[in-house]
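Have a look at the structure below before the remarks.
The values are calculated or read from the model by the stated rules, or taken from the named source; none is laboratory data. Everything numeric here is computed off the predicted structure, so don't read it as measured data. Heads up, the Cβs are rebuilt from the backbone with ideal geometry, glycines too, and the neighbour counts pull from every protein chain shown. Accessible surface areas use protein heavy atoms only, side chains included; no ligands, DNA or RNA. Shrake-Rupley method; radii C 1.70, N 1.55, O 1.52, S 1.80 Å.
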Amino acid sequence: MLFSELSKYYEKLEGTSSRLSMIDILTEMFKMAKEGEVTPIVYMTQGSLAPSFKSLQMGLAEKFAAEAIGMSAGRSKEEVLKEYKKSGDMGLTAEEFAKKARIKRMKSEHFSVSDVFERMLKIAKTSGQGSQDTKIKHLVVLLSSSEPLDNKYLIRFALGQLRLGVGDATILEALSSAFTGSRDFKAELEDAYNKCGDLGKVGDLIARKGERGVKGLKVELFSPVRPALAERLPTSEQILEKMHGRCAVESKYDGLRAQLHIDRKNRRVEIFSRNLEVLTPMLPEIARAALHEVKADEAIIEGEAIAYNDSTGEFRPFQETIQRKRKHGIEEMSETMPLTLFAFDIMYLDGEDYLDRSYEERRRKLESIITPKGRIRPSDKIVATTAKEIDTYFENMVGDGLEGIVAKDLGARYVAGARKFSWIKLKRSYRGELSDTLDLVIVGYYLGRGQRAEFRFGGLLTAVYNEKRDMFETITRIGTGFSEKMMTELEQRLSRIKVKNRPARVDAVVDADFWVEPRFVITVRADEITKSPMHTCGKDSTDTGYALRFPRIISDGVRDDKSPEDATTTKEVIEMYGMQKRTRLGEK
Ligand code: ATP
């Protein structure tokens, strides 16, 4: 496929405000792709060059993009920057300059998608002295031999600002239609994606090997599994009932979720976060322990890394564990405050995929390859058959400063990438007045008024994720509780991802001063979930949805560990609303 054809699909995607037509456009686009092109097209459409765990992001600085645009159009960088100041969009500026320079240019070179992808890879990978010049040169080659519309998308891509608003589920649905003729195969594609965390690989599999190829995909080392998530219920009785009278109960540690991939023969360890990003450099003591302590040649195990004092039995607060996410002083910190990995699952061992084995079998295997006192040790666990046992265990855990418990279905497989009742969490915060916190996606923001005018920021419009519809549904505006520092930071981050119209995957009845690409997640606490016609979260046939009363942001800025699709879901809000009612009824 020519890149100029891809640009035209991007233009159509940008112009649509409906998710369904987005899928139609993507379907047609995938059908046009030649063998081997599906992977680069999938990555590029999501604005990247590789899955997140390969840590290969585009993100050229604007001044270099301006230089490349200038060179390709025979103009100065200053002229480009002047124009950019007016339009606020470097892609549009590139398109304009290319239009004006057109007559002077040679004939277009008709770059293929693969040509562009390869050059973009070179741009991303070039580093060290003189690398900026090399990057600019590659970009100039692409810009000066392409159409104006291509220039727009080339520049947006190079800057990491493509923002087509296409999510994972949308791509999966389109891949299903393009290569099987129906959207029904989406669930199997999603299964494959959950096993390898790589949408490009799934695209390539269905295009080359068809349905059988996708179904046969096995877990592989260094290709992270998308994590299983827990449902919530308010009481031990309900948990036990859901688990048919018998379940495992583990401590819920409040640290960093870590998935370890261990290849002992080649002395290679990689650690992935909940979001499938590479955590290895942040957890050197865990990576070292993986090679020395885990009795296996190859394994994928999962757990929670937390600062824990072995001699006092004391767990340190999350704020201390999270300090590891800094860039500097990590080795030192790994000595003064080493983390312990409380392992709670195993997905792969010495050539065998463990995802479909029962919890009991996985747990037994896990306990057989690590020791109870190691830096990597099994999470604490009991097997309960009465609600009282669960309650006592819960109280003990909370007494030890932990978050609560996670109950696990003894017979269940590892449900990758999904929130299912095979794991049920019960947290300290569900009891008493406070309900659980919510992770919300920012979809828009408001200008500051009155005292806040100087910040150009006056509040947020936020949404939850509806998995079934693959849409973001608004749930609340947040107008209070921001520190000055937070307002400045939010304005800076959000103004960079502003989009002209409401994104196709955002469902809203209220307006925002500025819409933004759904990208950033914040954690919010509220007094209550109420019914409201103002928001689209879970709206019913009378157009009444759910909203939050007295919402306040409690995360320190945006949560970099969660992607928009990891936000609280509509289904969870409805469940939380039900739990809230039940608790209140119980009180009467
Ligand atoms: P939360 O903010 O409540 O941790 P979450 O959306 O990040 O929610 P959930 O699926 O709701 O994730 O809860 C499971 C999380 O709890 C896991 O992501 C993991 O990091 C953590 N955790 C701590 N201890 C355990 C355990 N023993 N088993 C499973 N998960 C655990």
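Condition check for residue 75 on (1) outside any helix (DSSP H, G or I); (2) touching a residue at least 40 places away in the same chain (Cβ under 8 Å): one failure, at (2). When 132, 161 are screened for being part of a helix (DSSP H, G or I), at pLDDT below 95 and surrounded by fewer than 23 Cβ atoms within 10 Å (Cβ to Cβ), only 132 passes. Hey, does segment 342-364 have a residue that's open to solvent by 10 Å² or more (accessible area, probe 1.4 Å), touching a Cys at 6+ places or on another chain (Cβ under 9 Å), at negative phi and more than 12 Å from the ligand (Cβ to nearest atom)? Scanning segment 342-364, I find no residue that is open to solvent by 10 Å² or more (accessible area, probe 1.4 Å), touching a Cys at 6+ places or on another chain (Cβ under 9 Å), at negative phi and more than 12 Å from the ligand (Cβ to nearest atom), so the answer is no. The number of residues in segment 215-231 that are away from the ligand (no atom under 13 Å from the Cβ) and out of contact with any strand residue (DSSP E or B) (no Cβ under 7 Å at 6 or more places or on another chain) comes to 5. For beta carbons closer than 7 Å, sequence separation of 6+ or different chains, a first residue in segment 410-422 that is more than 19 Å from residue 196 (Cβ to Cβ) and a second that is assigned to a loop (DSSP other than H, G, I, E, B), the qualifying pairs are 410/246; 410/358; 411/358; 412/358; 422/409; 422/412; 422/415.
Of the strands (runs of 3 or more DSSP E) lying entirely inside segment 330-391, the ones with 2 or more residues being over 22 Å from residue 316 (Cα atoms) are found at 339-349, 381-384.
Residues in segment 232-288 that are of a type in the set (Gly, Ala, Ser), within 25 Å of the chain's Cα centre (by Cα) and away from the ligand (no atom under 15 Å from the Cβ): 1 in all. Filtering 83, 96 for residues that are open to solvent by less than 60 Å² (accessible area, probe 1.4 Å), assigned by TED's automatic domain parsing to the domain that holds residue 151 and either among the hydroxyl-bearing types (Ser, Thr, Tyr) or in a helix (DSSP H, G or I) (or both) leaves a single hit, 83. Mind checking whether some residue in segment 571-578 is part of a loop (DSSP other than H, G, I, E, B) and farther than 20 Å from residue 481 by Cβ? For segment 571-578, residues part of a loop (DSSP other than H, G, I, E, B) and farther than 20 Å from residue 481 by Cβ: absent. As a summary of the residue check, residue 197 satisfies the conditions (1) open to solvent by 20 Å² or more (accessible area, probe 1.4 Å); (2) under 26 Å from the mean Cα position of the chain (by Cα); (3) at positive phi except for the one numbered (1).
Restricted to segment 538-555, and to residues there that are of a type outside the set (Val, Ile, Thr) and without any contact (Cβ under 8 Å) to a residue 60 or more places away in the chain, the residue that is farthest from residue 460 (Cα to Cα) is 541.
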